[in-house]
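The structure appears below as structure tokens.
The values are calculated or read from the model by the stated rules, or taken from the named source; none is laboratory data. Every value quoted in this text rests on a predicted model; they were computed, and no experiment measured them. With ideal geometry, Cβ positions are generated from the backbone for all residues, glycine too; neighbour counts draw on all protein chains shown.
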Amino acid sequence: MAKLAVHKVAEFGAKVAGNIAKVMVGKEISVKMLLVALLSDGHVLLEDVPGVGKTMLARSLATSLGGSFSRIQCTPDLLPSDITGLSIYNQKHEDFVFRQGPIMAQVVLVDEINRATPRTQSSLLEAMGEGQVTVDGRTHALGKPFLVMATQNPVEFEGTFPLPEAQLDRFFLMLQLGYPSMEEESEILLRLQGRHPIADLKAVSDPAEVVAMQQIVTEVFVEESVRKYVVRLVRSTRGQSQVHLGASPRGSLALLRAAQAHAALDNRDYVTPDDVKMMATSVLGHRLTLKAESALRGITAPSIMAELLRQVDVGAESKDGA
């Protein structure tokens, strides 16, 4: 693949990240991970406490891309039709007219997704997995690009419905923004003394450019040994004594695509094992279902991934030839 094409992806990432930095302070790594998901045509689960900038991050991204943005506040009484939209009878035309729901946007923030009932959560599966919604037997395609950013509070569980494995597996990666440092929090206060910077943020790209960048990412070269390393790493999650359910083949594909996007953002037209390692925990961690006794002992998915990254040799062949 031509070097010039990858250079375009790196330039795209730099200008979007720089634009978001006008609103978000000290979130460079999180923004890069978000761009990896965007360029990989994936969705993001943000697990963090309230007030750390999740909504502003989504709004900043949508504005920077020149795309549409919508926000869905999840509550137990939220209905699937409140997300997908519904058909309303038009007496003048004597026919049903589809009224779009908030999911018909290019960047969708689903706030506190685990407060929605399982039935409502499942209404997101078709949209996230197939880029379409079906209402009253009619299928409506979603625009490109399409990115769902869902949030959940890792501390407060009263009145929540944990996401099932099938729903978690639809998310390309999971992020935590974390609290800002003292200097970053001071800078936030300084910026927000007057007019909020989001009000003056302008678009630096457009949806057509995003789709073009996504296509370039799929062409980033992956050497066979790197591809086998991805497979070994994912397969190693399935045989752990602390893990009830490891990552699926969808996790393998997501990790490979994430490594391609990470390489392109670094202006490289080839993937290295370091790209895989950099993305492994964010892409695979939430796909692991831990055994109950593991959780009780304080074992976490990130700690398991850290150990696997130390154990799995980049160049070693597995016994089954993977």
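Scanning the stretch 53-103 for residues that are buried (at least 17 other Cβ atoms within 10 Å of the Cβ), modelled with pLDDT under 90 and assigned to a loop (DSSP other than H, G, I, E, B) turns up GLY53, GLY67, GLY101. Is at least one residue of the stretch 311-320 buried (at least 22 other Cβ atoms within 10 Å of the Cβ) and modelled with pLDDT under 95? Scanning the stretch 311-320, I find no residue that is buried (at least 22 other Cβ atoms within 10 Å of the Cβ) and modelled with pLDDT under 95, so the answer is no. Of all residue pairs spaced 6 or more apart or on separate chains, those with beta-carbon atoms under 8 Å, a first member in the stretch 191-203 that is more than 8 Å from VAL23 (Cα to Cα) and a second member that is small (Gly, Ala, Ser) and part of a loop (DSSP other than H, G, I, E, B) are ALA203/GLY66. Take the stretch 238-265 and flag every residue that is of a type in the set (D, E, K, R) and not in a loop (DSSP other than H, G, I, E, B). ARG250, ARG257, listed by residue number. Would you call VAL226 of a type in the set (A, V, I, L, M), part of a loop (DSSP other than H, G, I, E, B) and either more than 20 Å from the chain's Cα centre (by Cα) or surrounded by fewer than 17 Cβ atoms within 10 Å (Cβ to Cβ) (or both)? Spelling it out, it is not the case that VAL226 is of a type in the set (A, V, I, L, M), part of a loop (DSSP other than H, G, I, E, B) and either more than 20 Å from the chain's Cα centre (by Cα) or surrounded by fewer than 17 Cβ atoms within 10 Å (Cβ to Cβ) (or both). If you scan the stretch 1-46, which residues turn out to be outside any helix (DSSP H, G or I), within 11 Å of the chain's Cα centre (by Cα) and not aliphatic (A, V, I, L, M)? SER40, ASP41, GLY42, HIS43, listed by residue number. Based on this model, can you work out whether ALA254 counts as over 20 Å from ALA306 (Cβ atoms) and among the hydrophobic types (A, V, I, L, M, F, W, C)? Here the answer is no, as ALA254 does not meet what is asked.
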